[in-house]
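Colleague: Okay, handing you the structure first.
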Amino acid sequence: MDSSNGTLELLGVGLAIVAWICSLTTILMPSWITLSTDLLPTEETNMGLWVTCVSQEAMDRLECRPYDSMFDLPPDIILARILMSLVLGVGLLGVLLAIPGIRLVNGCHNPLDDFRCKRALKAIGGALCLVSGILGLIPVSYVAHLTLVRFFDETVPQIVPRWEFGYALFCGWIAGILHLVAGSLLLISCLHLQKLDRPVSRRPHPSNYDEQF
């Protein structure tokens with residue numbers, strides 16, 4: 001196995017870990033969408049998946065309050081909760097399967113079995129990273145789409161405050177893209193291993209052929 005394939009493995013696993021940390025940060029951040037008014041420019045309301053926070057710059061204070069009931073939440077927040085929880089579970093499973101698949105980790109005594117086992121683990125881990133990336137981009141993009149629709153709603157008077165993008169949306173987009181890149185790198189390294197695993201046909205030596213007659 002050449003060094004380029006080992007670099008793809010390490011880069012894929014490293015990006016998968018960073019993507020999972022970004023996804024965890026996204027689901028915990030209270031600023032999925034933000035609301036600020038012209039009447040109180042120093043006060044900002046942030047809405048997350050688990051809490052609603054009000055920050056006051058003048059007093060340098062942040063007050064957060066968890067939601068009373070899940071049934072009172074908007075459908076987009078409920079969907080984001082479910083999908084982001086799946087992202088954390090699937091992404092963590094992908095990382096745990098991909099780490100034993102890199103060549104720096106020895107798991108089998110038979111080199112051939114170890115070769116095939118690592119390739120299978122990396123392939124499954126890469127596929128799970130791709131699934132995590134897709135699942136992570138869906139709720140973030142959906143919440144962003146609804147925020148844009150409500151922001152440019154002409155039926156709402158201009159004096160009414162509008163919700164805007166929060167920092168969590170950008171963190172979620174980064175996490176989803178990193179998951180997709182990590183999964184692609186792991187699958188590419190598996191394809192490279194498949195080329196190396198092709199058997200080479202051997203022809204009988206002429207001397208052995210002559211000895212049979």
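Here, each number is a calculation from the coordinates, and none is a lab measurement. A quick note: this is a predicted structure, and the numbers were derived from the prediction, not measured.
Colleague: Tell me the Kirkwood radius of the range 116-182: reciprocal of the mean inverse pair distance over distinct alpha-carbon atoms, in Å. Kindly include the intermediate steps, with their values, before the conclusion.
Modeller: Numbers: mean 1/r = 0.0714 Å⁻¹.
Averaging 1/r across every pair of different Cα atoms and inverting gives 14.0 Å.
Colleague: Still on this model: Over the range 50-184, one equal point on each Cα, no solvent: what is log10 I(q)/I(0) by the Debye formula at q = 0.14 Å⁻¹?
Modeller: -0.79
Colleague: Would you pull out the residues with amide H under 5 Å of Met29's amide H, same chain only if 5 or more places away, H placed 1.01 Å from N?
Modeller: For Met29, no residues qualify.
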